[in-house]
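Before any comments, here is the structure.
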Amino acid sequence: MAGLALTNVSKDYGSVRAIDEVSLEVRDGEFVVFVGPSGCGKSTLLRMIAGLEEITSGALTIGGQDVTRTDPAERHIAMVFQSYALYPHMTVRGNLGFALRMARQSKAEVAAKVDPVAAMLQLDALMDRKPSQLSGGQRQRVAIGRALVRSPQVFLFDEPLSNLDAELRVQMRVELAQLHKKIGITTIYVTHDQVEAMTLADRIVVLRDGIIEQVGTPLDLYDDPTSLFVAGFIGSPRINEIRATVTATNAEQLLLQLPGEVAFAYPRPEKDLKPGDTVTLAIRPEHLTASDKATPNSIPMDVEYWEHLGGVSYAYGALKNGQRMILEHRLNRSISEYQTLHLSIEPSRAFLFDAAGRRLT
Amino acid sequence: MIRVPAITRRLATAFLTALALVWMVPVLMMLAVAFTPPEKRVTGFGGLVVEEVSLRNFGIVFADAPILHHLLNSLVITLSSVFFVVLFGAMAAYAFARMRVRGKNIWFFLLITTLMLPVPTLIVPLFQINKSLGILDTYLGLILPYTALGLPFAIIILRGFFEALPRELEEAARLDGVSQPRIFWFIALPLSWPALSVVVIFQFMTSFNEFVLALVTLDSDSLKPLSLVPLIYSGQFFTQPGAMFATLTLITVPVVVFYFAMQRFMIGGLTTGAVKG
Ligand SMILES: Nc1ncnc2c1ncn2[C@@H]1O[C@H](COP(=O)(O)OP(=O)(O)OP(=O)(O)O)[C@@H](O)[C@H]1O
Ligand SMILES: [Mg+2]
């Protein structure tokens, strides 16, 4: 087991820069999740760590050793691919033991390492089947088992659950979390499912267009996003964005105009803002309070439909300027009768971003 | 699946059946003459109607000509060329598909152009090469040219197949610490049996049936393959058409048997390659 460190790592495909000067330290035993939209470079970065893609510039160390130019075989890394990449012509037993057999270990040695892993992953009964005779979840377990058998220093996963149905995904997610707790191998996990990221990660790395947008614990990112991008990416349902214009400033406060001609006072950020500047106020669905009557500073929302999930209900609608809004509501379902709801925003719960999407407070 | 109206399908079937029947006429004639007793000179209806079935022609052939010996010659030459084509073809195709080779595209283009040369134009040069190598009138004089002639097709088929294999399988093996040659041997090769079987069948058929090069290369009757047998014994069997046709019948047997044994793989292999690109 070992930690790893990326220092100013970049990857160019011809003239395209897929990864741009990424630096990151992963502690020994940590579970780090890379998230980001499609094409942001998650797989590329993971494959660079594995050694499957060359590192154009920068350095990578694993367990303190520089492995920037080391062959993948010598990095002691195991990877689970999205497609599982099980060897189709070998049985489960053959798949699990392949690396060991290739390393010329004896039959007894191979069995001694394969059997406990198979038992731990409940594969004992399937050992003589071919991958084509397994269910998606079982294949997933074989792929994990194949990686575990080699006792790697670092475990890499590239969207391992995305081929499974919703129920199995939740189940495998729990199993993965328990597995990591039990064996504690340093793990890097790529996903674009933010729920997976939130539930599995010790720390989340949000990537965007080849750069790291923010790194932090799941709750850090949730409670304190440094950019509108991260605020929008973490949290489900998505955070609400409200376009606003600065109308006046004084020593303590910023006066904003929100859609529907609503005046709204917000604590003044450090950055100097002038009247006329556009900003974005972002607030999570659960931090909105709704009422059927207008209150001072409340903004009107036209409700389009409701989703009642029992304990919680969601209202979907639009502000006067057409921006989409989602409201999370508990108790008192009777307000779902109203066409227009008035939303009040607690300033301390709302994040303010400048026009470029940078956090202001 | 494309849906075809039933009437079109029936017409197509009828047409193909008629075509197949016409195609079968020479084969049927050959069988008819071969199975007609030797003393009966004329068979009915241009040889298509057999009045009396007899195996005596085959008896004459086996008594007068060492058919099994020639079959052995054919097998030695054919199987050797199949072995070398599969071995070298697979290695070359894998390099083309997966490895960095200087001037890869030019090499590949050259390989494809060799497919455009008609074999008869190669006879004289091949004869000269064999002569200067001192392998005229030896098995090698056929095994090497057959291998060389078979390689381009094999490489093209196998390259396409290797390229279509999921890259992640080989990447997984690389992370498992497996070297490139062993990835080829333990992962890529076992997974490409559909393409390999196409190559094996094709190479087997062309080598087994090849005639012109064998004719100019081999002098000693004892080395000659089955395809030359009718020629060797044409004088001897000139007055015995029954024996001649029995010989021809015997020659076709190994190819037909081989084809039926491998047909399943052949069809599977061709379509697998096609679907995967
Ligand atoms: N071999 C390549 N040649 C050129 N560009 C590439 C290559 N591989 C990836 N890229 C580019 O690098 C960028 C990052 O790709 P990558 O596969 O890492 O994205 P990703 O974050 O894993 O996306 P997804 O969530 O869709 O898997 C993309 O813009 C992609 O087009
Ligand atoms: Mg990816």
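Among the residues of segment B:169-193, those that are more than 9 Å from chain A (Cβ to nearest Cβ) and of a type in the set (S, T, N, Q) comprise B:GLN180, B:SER192. Remark: A:ARG139 falls outside the filter, which requires a residue to be within 25 Å of A:VAL26 (Cα to Cα), more than 12 Å from chain B (Cβ to nearest Cβ) and at pLDDT 90 or above. Within the set B:LEU169, B:LEU175, B:LEU165, the sole residue that is in the same structural domain as B:PHE96 (by TED's automatic domain parsing), closer than 30 Å to A:VAL154 by Cα, within 27 Å of the chain's Cα centre (by Cα) and modelled with pLDDT under 95 turns out to be B:LEU165.
Restricting the search to strands (runs of 3 or more DSSP E) fully inside segment A:3-84 and requiring at least 3 residues that are surrounded by 22 or more Cβ atoms within 10 Å (Cβ to Cβ) and within 14 Å of another protein chain (Cβ to nearest Cβ) gives A:77-80. Among (1) among the basic types (Lys, Arg); (2) within 16 Å of ligand 1 (Cβ to nearest atom); (3) in contact with an Asp or Glu (Cβ under 8 Å, 6 or more places away or on another chain), where does A:ARG93 come up short? Of everything listed in (1) among the basic types (Lys, Arg); (2) within 16 Å of ligand 1 (Cβ to nearest atom); (3) in contact with an Asp or Glu (Cβ under 8 Å, 6 or more places away or on another chain), A:ARG93 misses just condition (2). Do we have A:VAL205 as at pLDDT 95 or above and either crowded, with 21+ Cβ neighbours inside 10 Å or in a loop (DSSP other than H, G, I, E, B) (or both) here? Yes; evaluated as a whole, the condition is true for this residue. Kindly evaluate A:ALA294 against the criterion of being under 12 Å from A:ILE242 (Cα atoms) and in the same structural domain as A:GLU346 (by TED's automatic domain parsing). Against the criterion (under 12 Å from A:ILE242 (Cα atoms) and in the same structural domain as A:GLU346 (by TED's automatic domain parsing)), A:ALA294 does not qualify. Counting the residues of segment A:134-181 that are within 16 Å of ligand 2 (Cβ to nearest atom), outside any strand (DSSP E or B) and either not hydrophobic (A, V, I, L, M, F, W, C) or not assigned by TED's automatic domain parsing to the domain that holds A:PRO72 (or both) gives 4. So in segment A:237-270, with the set limited to residues that are surrounded by 13 or more Cβ atoms within 10 Å (Cβ to Cβ) and not in a strand (DSSP E or B), which one is farthest from the chain's Cα centre (by Cα)? Checking each candidate, the answer is A:GLY260. Only one of the numbered conditions (1) in contact with a helix residue (DSSP H, G or I) (Cβ under 6 Å, 6 or more places away or on another chain); (2) surrounded by fewer than 19 Cβ atoms within 10 Å (Cβ to Cβ); (3) not acidic (Asp, Glu) is not met by B:GLY235, and that is (1). Residue count for segment A:68-83 under the criterion of being modelled with pLDDT of 90 or more and within 16 Å of ligand 1 (Cβ to nearest atom): the result is 3.
Search segment A:150-168 for residues being within 16 Å of ligand 1 (Cβ to nearest atom) and either buried (at least 20 other Cβ atoms within 10 Å of the Cβ) or at pLDDT 90 or above (or both), and hand back the single one that is nearest to A:GLY29 (Cα to Cα). Selected residue: A:LEU156.
Listed here are the residues, each with its yes/no results for (1) outside the structural domain of A:LEU126 (by TED's automatic domain parsing); (2) within 16 Å of ligand 2 (Cβ to nearest atom); (3) touching a Gly at 6+ places or on another chain (Cβ under 7 Å).
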{"position": "A:THR44", "(1), (2), (3)": "no, yes, no"}
{"position": "A:MET48", "(1), (2), (3)": "no, yes, no"}
{"position": "A:THR56", "(1), (2), (3)": "no, no, no"}
{"position": "A:LEU60", "(1), (2), (3)": "no, no, no"}
{"position": "A:THR68", "(1), (2), (3)": "no, no, no"}
{"position": "A:ASP71", "(1), (2), (3)": "no, no, yes"}
{"position": "A:ARG75", "(1), (2), (3)": "no, no, yes"}
{"position": "A:ALA78", "(1), (2), (3)": "no, no, no"}
{"position": "A:THR91", "(1), (2), (3)": "no, no, no"}
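Looking across segment A:170-208 at every residue that is charged (D, E, K, R) and within 16 Å of ligand 1 (Cβ to nearest atom), the one that is farthest from the other protein chains (Cβ to nearest Cβ) is identified as A:ARG208. Cβ-Cβ contacts under 8 Å between residues 6 or more apart (or on different chains), taken from a first residue in segment A:14-31 that is under 19 Å from A:LEU176 (Cβ atoms) to a second residue that is surrounded by fewer than 16 Cβ atoms within 10 Å (Cβ to Cβ) and modelled with pLDDT of 95 or more, are listed as A:GLU30/A:ASP202; A:PHE31/A:ASP202.
Restricted to segment B:1-106, the set of helices (runs of 4 or more DSSP H) holding at least 3 residues that are among the polar types (S, T, N, Q) and in the same structural domain as B:TRP185 (by TED's automatic domain parsing) comprises B:67-98. Please work out if A:VAL9 is of a type in the set (Val, Ile, Thr), modelled with pLDDT under 95 and within 16 Å of ligand 1 (Cβ to nearest atom). Considered against the rule, which asks whether it is of a type in the set (Val, Ile, Thr), modelled with pLDDT under 95 and within 16 Å of ligand 1 (Cβ to nearest atom), A:VAL9 comes out as no. Just for segment A:105-123: of the residues that are part of a loop (DSSP other than H, G, I, E, B), surrounded by fewer than 17 Cβ atoms within 10 Å (Cβ to Cβ) and modelled with pLDDT of 90 or more, which one is nearest to the other protein chains (Cβ to nearest Cβ)? Per the stated criteria, the residue is A:GLN105.
The values are calculated or read from the model by the stated rules, or taken from the named source; none is laboratory data. In this text, all values refer to a predicted model and were calculated from it rather than measured experimentally. Cβ coordinates were reconstructed from backbone atoms using ideal geometry, including for glycine residues, and neighbour counts include every protein chain displayed.
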